[in-house]
Amino acid sequence: MAPQDRISRLAQQIGDPLQNASQAPEDIQKGVQQVVRGAFDRVELVSREDFDILMDVLQRTRSRVEALERQVASLEAAVEASSTNAATPVEAEVPPAPVQPSSTTKPTADGAE
């Protein structure tokens, strides 16, 4: 239903009891309140308290998402830097020369060479 049709219907529902002015003002007020309350229920309004709570949750969630985005960007930069470093040749250190056993033999405990 179009919003204009809802407003027209609401105005008609409020206006009908007012045309019969012989009713007691309390009855008219109760009828109007019921019509307005029913209209508000159909438009799915939320209370200010619920709205404030949801806005707080949204703000905390947004802050958390932004922090996670920064963390992901930092990790991606670290991965990119490490892959860049691995791709460039690094001067390798020359390992020390292995120790060669000497050509002279040492005497054994029994005195034989």
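The values are calculated or read from the model by the stated rules, or taken from the named source; none is laboratory data. Please read all numbers here as calculations on a predicted model, not as lab measurements. Don't worry about glycine lacking a Cβ; one is built from the backbone with ideal geometry, like all the others, and counts go over all protein chains shown.
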* For the stretch 82-90, does any single residue satisfy the condition of being modelled with pLDDT of 65 or more, in a helix (DSSP H, G or I) and surrounded by 10 or more Cβ atoms within 10 Å (Cβ to Cβ)? -> yes
* Asked: Given the conditions (1) modelled with pLDDT under 70; (2) surrounded by 11 or more Cβ atoms within 10 Å (Cβ to Cβ); (3) part of a helix (DSSP H, G or I), and given that Gln29 satisfies all but one, which numbered condition is not satisfied?
  -> (1)
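Matching residues to (1) under 30 Å from Ser8 (Cα atoms); (2) modelled with pLDDT under 95; (3) in a loop (DSSP other than H, G, I, E, B):
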{"position": "Val36", "(1), (2), (3)": "yes, yes, no"}
{"position": "Ala39", "(1), (2), (3)": "yes, yes, no"}
{"position": "Val46", "(1), (2), (3)": "yes, yes, yes"}
{"position": "Leu54", "(1), (2), (3)": "no, no, no"}
{"position": "Arg60", "(1), (2), (3)": "no, no, no"}
{"position": "Val65", "(1), (2), (3)": "no, no, no"}
{"position": "Arg70", "(1), (2), (3)": "no, no, no"}
{"position": "Glu80", "(1), (2), (3)": "no, yes, no"}
